[in-house]
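Everything on this sheet refers to the single structure shown next.
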Amino acid sequence: MTEPTMRKIRKASLPDDAEKICEVFAAAKRIMRDAGNMNQWHDGYPSIDVVESDLAADGAFVVEDSGRIVAYFAFLPSPEPTYSAIFDGEWVDDVLPYHVIHRIASVPDAHGIFDSVMNFCFNTEQNIRMDTHRDNYIMQHLIERYGFDYCGIIYLKNGDERLAYQRVISTFLPPSI
């Protein structure tokens, strides 16, 4: 019988974690391409410069399994400038402060990453927004499975469209599977 994996979420550290974070991004891009998502994360995005920006906002995190970095995500406080306008819908709550989850990326052999990230984030903040590419069916499925409401469409600074989601809860309850 194998020993259970020890999972830990911690703040990312540069330059120490840079190489492993880049490996996680590359693996996540391969997962997206294999799932038919050919239009997200191009031209070197996300990069270490983006991670540095996440760090400056105190929101860059890695997930470790038994000391090995297997995932990265950003968890950033509001406001998110690209969320100031939403089209074909509305936010569940557009008054309370919120946090945004961006750039969830993992290696293919790490399982349960989304659940670990959600548990971590909802233990910090009960009002969370996310967005994803229209072609990212894996992320859409996970977001909806976790009880987020589809709210409408937002546009990134470069004009790219994203599907926007929000979940507001008063107490954390894991999703029923």
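The values are calculated or read from the model by the stated rules, or taken from the named source; none is laboratory data. Computed from a predicted model, the values in this text were never measured in an experiment. Every residue, glycine among them, receives a Cβ derived from its backbone with ideal geometry; neighbour counts consider all protein chains shown. Each accessible area value is taken on the protein alone, full model and side chains, heavy atoms only, with ligands, DNA and RNA left out. Shrake-Rupley method; radii C 1.70, N 1.55, O 1.52, S 1.80 Å.
Of note:
- Scanning the range 30-58 for residues that are among the aliphatic types (A, V, I, L, M), outside any loop (DSSP other than H, G, I, E, B) and open to solvent by 60 Å² or more (accessible area, probe 1.4 Å) yields one hit, 56.
- Residue in the range 118-136 that is modelled with pLDDT of 95 or more, open to solvent by less than 40 Å² (accessible area, probe 1.4 Å), in a strand (DSSP E or B) and hydroxyl-bearing (Ser, Thr, Tyr) present: yes
- Hits in the range 1-29 (condition: farther than 16 Å from residue 73 by Cα and surrounded by 12 or more Cβ atoms within 10 Å (Cβ to Cβ)): 5
- Subset of the range 59-104 [touching a Cys at 6+ places or on another chain (Cβ under 7 Å), open to solvent by 20 Å² or more (accessible area, probe 1.4 Å) and in a strand (DSSP E or B)]: 99
- Any hit, the range 107-122, residues being within 17 Å of the chain's Cα centre (by Cα), farther than 21 Å from residue 24 by Cβ and touching a residue at least 12 places away in the same chain (Cβ under 8 Å): yes
- Residue in the range 141-160 that is buried (at least 18 other Cβ atoms within 10 Å of the Cβ) and assigned to a helix (DSSP H, G or I) present: yes
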